[in-house]
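Written out below as structure tokens is the structure these notes cover.
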Amino acid sequence: MCIKDLERLSGSERISFLQEKLQDIRKYYLTLKSEVASIDRRRKRLKKKEREVSNTTPSTSSGSSDAAMSPSSASPTQNTVAVECR
């Protein structure tokens, strides 16, 4: 329905039509919101698993190489922090 069709309707018919469209938009918004929440939960679980894996892996594999390196010889580039942009 276009604007010209809306102009042909009476006031109460227009209101009813627009309320139906708003309800459709709300339903669609809630569906999308639910999908985003589901994706966020999945990402959070994956990040948690990655953290758990990364916490166990470095202690076993890189323990000997870190012990051989003195703090004064460590370069600043090795002390970086990963930042995620949203």
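Any read-out appearing in this document is the output of simple, stated calculations on the displayed coordinates, not a laboratory observation. Since the model is a prediction, treat every value here as computed from it, not as a measurement. Methodologically, a virtual Cβ is constructed for each residue, glycine included, from the backbone with ideal geometry; neighbour enumeration extends over all protein chains shown.
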- Message: Averaged across orientations, what area in nm² does the convex hull of the alpha carbons in the range 9-58 project?
- Response: 3.6
- Note on the structure: Env charge @ Arg51, Cβ radius under 12 Å, K,R +1 / D,E -1, value +3
- Using 7 Å Cα-to-Cβ label points, what is the Ile39/Leu18 separation (nm, one decimal)? 3.2
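Gain in length, Lys49 to Thr31, computed as 0.36 nm per residue apart minus the alpha-carbon separation, to one decimal in nm?
Fully extending the segment from Lys49 to Thr31 adds 3.7 nm.
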